[in-house]
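Values quoted throughout were computed directly from the atomic coordinates according to the rules given, and no laboratory measurement underlies them. This is a predicted model, so every value here is computed, not measured. Don't worry about glycine lacking a Cβ; one is built from the backbone with ideal geometry, like all the others, and counts go over all protein chains shown.
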Amino acid sequence: MKLITAIVKPFTLDDVRSALEQLGVLGMTVSEVQGYGRQKGHTEVYRGAEYAVDFVAKLKVEVVTDDANVDKVIDAVVSAAHTGKIGDGKVWVTSVDTVIRVRTGERGADAL
Amino acid sequence: MEGNTAWLLISAALVLLMTPGLAFFYGGMVRSKSVLNMLMMCFGAMGLIGVLWVIYGYSMTYGSDVAGLLGNPFDMLGLSGLMTPEGDPTAGTVDVAFQAMFAIITVALISGAVADRMKFGSWMIFGGLWATIVYFPVAHWVWGDGGWIGELGALDFAGGTAVHINAGAAALGLVLVLGKRVGWPREPMKPHNLPYVMLGAGLLWFGWFGFNAGSAYAADGVAGIAFINTVTATSAAMLGWLLLERIRDGKPTSLGAASGVVAGLVAITPACAYVDTWGALSIGAIAGVLCALAVGLKYRFGYDDSLDVVGVHLVGGLVGTLMLGFVATTSVAPDGTDGLFYGGDVALLGKQAISALAVMVYSGIIAAILGLIIKAINGGRVTREEEINGIDEAEHAESAYDFAGGRGGRAASADSGVAGNAKKLEETKS
């Protein structure tokens, strides 16, 4: 099993979610995060004093999936989150040893 | 008389509301870790000055004159002789109530300068001493029978010198002694809640109608003039501030709109019953632009006036007080004086400048001396670590916002608080 972590622009969340739903992905975790990569922050001005806001607001989407589905999930996320402009985000994949469903105690792929 | 009494009672309540309004105007501008302390400094002034005022403050301001400098504090100690249903209440109890609110908000105004760092106890001591040594006498100078500024013939309808220059100069004197916040000006200290700031500015504007139009002491035409000028100048000041931001920074900001409103209100305060529409518009517009520029002075000179009490109240107060020397007109106030632009001579401008300078110097110096004394006693400010962690927790043992309801609170000991109550309940049952 793999954990697919995607950092995306907040306004693309709806598209990302429906693309994953169409693939039959049954759940995901979304958190509000901030950070920066190539895209720099922005400037805010309060009573004439400028503040550089370095971190940009992003969403982190986490999905655990079967090895067989990894590429499809990645493609779905990337195409849904793609705008072609700087700051579109990143997707990375990590291996997951096991998953347990708390309610039933099922382990591994059955728990997905 | 009944009509006047009714209007003054309402005005007093309006002016009281300005202090909570100010608390939110200031509170939104600080970081989320200091908002309770900011609110508490304003509310603290309500408690403290409310008590001092009725004991000896009113008497020190309006009691029988001593050498033009102060009223006799023993004249009406504890409001003796005033607590009677006889006579004209606008010269008695209702006057006491109305002017109490002025004393309260003048002290509260200073608190914005020391946000994030001054110990609450030190602030309360400062507030009480400053009111006693500075506000009560200075209000006597301006408004008391025989006060020297009033005798001089300087104009101050509702408190440009006594309230705004006074509080602004005190703020400057105090912060010079107290020192900068940790990290200022390198670290960003941006406002944590601009909607609070806007709400506070709205409440201030609303309350200010009591402040200015109430100062007519009658429900009459003078109150009407003061009222409309409080709209005119304030609107112009907001536009002035926003226009400057649009040109200089590119965007008109909500903080700029709220600040422009307050700058306009401050500037029209001394002038509201003495100027015509053109005078009010020019006072407002000039105050809006000048105050927007003046809030940058602290970066140039290196004093950490946290929320720009100097830039808005001292500068705004000076604009209104000095511009009266140009735009005061007897066509609006037959008992007043004409300014330079309305056929008057330079004497009025001179009187305005003398009164402004005297209040500024006296208040600034005394505030600095009080700050030094407080600093010598207990440092005057929270420790560096407490300041970084947040003064709310250090001084009040509270935090303003708890967005995560389930973050694992528990009773601090088995015998007190929630756990203690549960234990008592168990004992009662058994």
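Look at the range B:112-170 and say how many of its residues are among the acidic types (Asp, Glu) and part of a helix (DSSP H, G or I).
1
If you check every pair at least six apart or on different chains, which have Cβ atoms under 9 Å apart with a residue in the range B:20-47 that is free of Cβ contacts under 8 Å to residues at least 60 places away in the same chain and in a helix (DSSP H, G or I) first and a residue that is buried (at least 24 other Cβ atoms within 10 Å of the Cβ) and aromatic (Phe, Trp, Tyr) second?
B:LEU39/B:PHE24; B:LEU39/B:TYR26
When you scan the range A:51-72, do you find a residue that is of a type in the set (S, T, N, Q), away from every other protein chain (no Cβ under 14 Å) and out of contact with any Cys (no Cβ under 7 Å at 6 or more places or on another chain), even just one?
yes
Do we find a residue being among the small types (Gly, Ala, Ser) and part of a helix (DSSP H, G or I) anywhere in the range B:69-77? Step through it out loud before you land on a result.
Step one: filter the range B:69-77 for residues among the small types (Gly, Ala, Ser), giving B:71.
Remaining after also requiring part of a helix (DSSP H, G or I): none.
Looking through the range B:69-77, none of the residues is among the small types (Gly, Ala, Ser) and part of a helix (DSSP H, G or I).
Checking the conditions here, which among B:GLY325, B:GLY320, B:GLY311, B:GLY336 is among the small types (Gly, Ala, Ser), in a helix (DSSP H, G or I) and more than 23 Å from the chain's Cα centre (by Cα)?
On inspection, the qualifying residue turns out to be B:GLY325.
Report yes if some residue within the range A:19-40 is more than 14 Å from chain B (Cβ to nearest Cβ), crowded, with 17+ Cβ neighbours inside 10 Å and within 30 Å of B:ALA258 (Cα to Cα); otherwise report no.
no
When the range B:204-256 is examined, which residues are found to be assigned to a helix (DSSP H, G or I) and β-branched (Val, Ile, Thr)?
Result: B:VAL222, B:ILE225, B:ILE228, B:THR230, B:VAL231, B:THR232, B:THR234, B:ILE247.
Can you pull out every residue in the range B:291-308 that is assigned to a helix (DSSP H, G or I) and of a type in the set (A, V, I, L, M, F, W, C)? Steps first, please.
Taking the range B:291-308 as the starting set, the residues that turn out to be assigned to a helix (DSSP H, G or I) are B:291-294, B:297-301.
If the condition is that a residue be assigned to a helix (DSSP H, G or I) and of a type in the set (A, V, I, L, M, F, W, C), then B:CYS291, B:ALA292, B:LEU293, B:ALA294, B:LEU297, B:PHE301 are the ones that fit.
In the range B:256-272, which residues are over 18 Å from the mean Cα position of the chain (by Cα) and crowded, with 24+ Cβ neighbours inside 10 Å?
Scanning the range B:256-272 gives a single hit, B:GLY256.
Are any residues in the range A:14-72 farther than 22 Å from A:HIS82 by Cβ and assigned to a helix (DSSP H, G or I), and if so, which ones?
Those that are farther than 22 Å from A:HIS82 by Cβ and assigned to a helix (DSSP H, G or I): A:ASP67, A:ALA68.
Which of (1) surrounded by 18 or more Cβ atoms within 10 Å (Cβ to Cβ); (2) on the phi > 0 side of the Ramachandran plot does B:GLY250 not meet, given it meets every other one?
Status for B:GLY250: all satisfied but (1).
Go over the candidates B:SER282, B:SER259 one by one and state the one that is within 14 Å of chain A (Cβ to nearest Cβ), part of a helix (DSSP H, G or I) and among the polar types (S, T, N, Q).
Criteria check complete, one pass: B:SER259.
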